[in-house]
Amino acid sequence: MHPEVHYHAGFQIYVDGVKQDFNDSRYFHYQLCGRTDETDLSPAEEQIEKAHLHEGASEIVHVHRDGATWGDLFKNLKFEYDQSKPIVGYSESGVIHDILNSQILDKQSVVILIGNQHNVRELLNKRVSLEQIEEVATASESCGTN
Ligand SMILES: [Zn+2]
Ligand SMILES: [Zn+2]
């Protein structure tokens, strides 16, 4: 049994100024999630439960395990990038240098820049809004587990 963990955060990833698009079925988690009643999840399923996307909101991550990091989301999206490029996360509260090892926080809105760091302020202005995050949170509360 896992304690019920279910919260949401916004994210956008840019590589050299180009926004990465995760609005595709291969990135979405279609199974019931928040499967707190099950004890027989495989390690792979446990990993997916940490951080994943659901259809209809490709910039909102659903977190179902304490301690899930942005690196867990990258792993679960199978998102790979040129590791010789700098990677910097930005949140409401400023720069997050070790973004992939940083925990995803409830209602956080993060912009992750890989490679060139031009127009940072402009990109931050376009980040996922709290309203968008809350909308997804409210929608998934009604089913309790989504
Ligand atoms: Zn989920
Ligand atoms: Zn959710």
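The values are calculated or read from the model by the stated rules, or taken from the named source; none is laboratory data. Please read all numbers here as calculations on a predicted model, not as lab measurements. With ideal geometry, Cβ positions are generated from the backbone for all residues, glycine too; neighbour counts draw on all protein chains shown. Heavy atoms of the whole protein, side chains included, go into the accessibility calculation; ligands, DNA and RNA do not. Shrake-Rupley method; radii C 1.70, N 1.55, O 1.52, S 1.80 Å.
Summary of values
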read-out: GNM result for the chain, Cα springs below 10 Å: residue of V95, V136, V128 fluctuating most strongly; value: V95
read-out: Segment 7-141 - accessible surface per residue (Å², probe 1.4 Å); value: 53
read-out: Low-density loop positions, GluC sites (Glu not before Pro), segment 41-127 - DSSP coil, at most 10 other Cβ in 10 Å; value: E80
read-out: Among H54, H64, H118, residue whose mean-square fluctuation peaks in a GNM of the chain (springs only between Cα atoms under 10 Å); value: H118
read-out: Pairwise FRET efficiency - S84 versus E122, Cβ, R0 = 25 Å, nearest 0.05; value: 0.50
read-out: Acute angle (nearest 10 degrees) that the helix 130-141 long axis makes with the longest principal axis of the chain, alpha-carbon atoms; value: 10
read-out: Net charge of neighbours whose Cβ lies under 13 Å from the Cβ of Q108, counting Lys and Arg as +1 and Asp and Glu as -1; value: -2
read-out: Residue range of the chain that is longest and free of trypsin sites (Lys or Arg not before Pro) which are both DSSP loop and sparsely packed (at most 12 other C-beta within 10 Å); value: 1-77
read-out: Inter-site label distance for V5 and S129 at 7 Å from Cα along Cβ, in nm; value: 3.0
read-out: Considering only the chain, percent of DSSP beta bridges that pair antiparallel, nearest 5; value: 70
read-out: Reachable lysines, given that their alpha-carbon falls under 18 Å from the alpha-carbon of K50 and they are not under 8 places away in the same chain; value: K75, K78, K107
read-out: Inverse of mean 1/r across different Cα pairs in the chain, Kirkwood, Å; value: 15.6
read-out: Computed label-point distance, nm, for sites D66 and T138 using a 7 Å Cα→Cβ extension; value: 2.9
